[in-house]
């Protein structure tokens, strides 16, 4: 993996994790939390896998490509869910998830 590509993907993963944390926190403050329950769950999963993927890449793990493939799948699922909500934080999260999924797919070679 090329250093520049790794650094770009790590930035995308960290940015996505931050967007997911922001989104889940904002969703918890919504009047009807049940309406955003799946969004919150996916935000939490996505933030966790993004941070894990960033760590695997930073360490140069031999398993980074495997983790990046899973990260892309979870980011795509989170993007779909967040895109279905009108809130700005959900829309920003969906954008960050799509960007991260794209970077992860490139790095994973899938």
(request) Only residues of the range 12-28 count here: report those whose backbone N is under 20 Å from the spot 7 Å along Cα→Cβ of residue 45, or say none. (result) 13-28
(request) Please give, to one decimal in nm, the separation of the simple spin-label points placed at residue 14 and residue 61, each 7 Å out from Cα toward the Cβ. (result) 1.7 nm
(request) Would you look at the GNM of the chain, springs on alpha carbons closer than 10 Å, and say which of 35, 44, 57 moves the most? (result) 35
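For residue 80 and residue 30, compute 0.36 nm times the residue count separating them, minus their Cα-Cα distance, and round to one decimal in nm. Walk me through the numbers before you get to the answer.
Values: separation 50, 0.36 × 50 = 18.00 nm, distance 1.93 nm.
Result for the pair: 16.1 nm of gain on full extension.
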(message) Among 31, 77, 99, which one shows the highest mean-square fluctuation when the chain is modelled as a Gaussian network with alpha-carbon springs under 10 Å?
(response) 31
(request) Kindly provide the helix-only [θ] at 222 nm of the chain, computed as the sum of -39,500 (n - 2.57) over DSSP H runs of four or more divided by all residues, to the nearest 500 deg cm²/dmol? (result) -28500 deg cm²/dmol
(message) Relative contact order of the range 3-108, please, whole-number percent, based on alpha carbon pairs below 8 angstrom and at least 6 residues apart.
(response) 35 percent
(message) Along the Cα→Cβ direction, 7 angstrom out, place labels at residue 73 and residue 38. What is the inter-label distance in nm?
(response) 1.8 nm
(request) Could you work out which residue, out of 87, 29, 58, moves most in a Gaussian network model of the chain, that is, has the largest mean-square fluctuation with Cα springs under 10 Å? (result) 29
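Laboratory data are not the source of any read-out in this text; all were calculated from the coordinates shown. Remember, it's a predicted structure, so these values are computed and weren't measured experimentally. Note: ideal-geometry Cβ built from the backbone for every residue, glycine included; neighbour counts use all protein chains shown.
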